[in-house]
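Chemist: What follows is a single structure, and I will ask about it in a moment.
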Amino acid sequence: MSQFVTELLKQGHEILDIEKTPIYKGFIPDAIIKFRKKDGSIKHLFLEVQLSKHSIYEKYYNINPDKDPSIPNILYVITDKPQENHQIRNLRIVVDDLEMHKLQFYFS
């Protein structure tokens, strides 16, 4: 998680809020991060670091960011495991490797 935040800062984004392992709507994400991009837009995301074979997606199936704007609408997954294509209603999922090669692409 600290590497993710460091990479955001290196790209010039401003961290507005970080909640590490919060209890959120009955489940526990690794973190919830809110940041302001260089262009001024605000991004709010769930961060999951998946290093085990256990799926992390099921706990997100019952959330709906469209009905509650306080719910992050991005799930950013950092993993070293092969991933299938997961889709969750109204939640954009970004799956990245441990070096976070997609980070600059998605938030530049």
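A short reminder: the numbers here are calculations on the coordinates, not readings from a lab. The model shown is predicted, which means the values in this text are computed figures rather than measured ones. Here the Cβ is made from the backbone with ideal geometry for all residues, glycine too, and neighbour counts use every protein chain on show.
Chemist: Would you mention how many residues in region 82-108 are among the basic types (K, R), closer than 20 Å to Q3 by Cβ and loosely packed, with under 13 Cβ neighbours inside 10 Å? Break it down into steps so the answer makes sense when it comes.
Modeler: First, pick out the residues of region 82-108 that are among the basic types (K, R): 89, 92, 102.
Within this subset, residues satisfying the condition of being closer than 20 Å to Q3 by Cβ are 102.
Still in the list and also loosely packed, with under 13 Cβ neighbours inside 10 Å: none.
Selection size over region 82-108: 0.
Chemist: Next question, about the same structure. Identify all residues within region 56-75 that are farther than 13 Å from Q87 by Cα and free of Cβ contacts under 8 Å to residues at least 24 places away in the same chain; write none if there are none.
Modeler: If the condition is that a residue be farther than 13 Å from Q87 by Cα and free of Cβ contacts under 8 Å to residues at least 24 places away in the same chain, then K67, D68, P69, S70 are the ones that fit.
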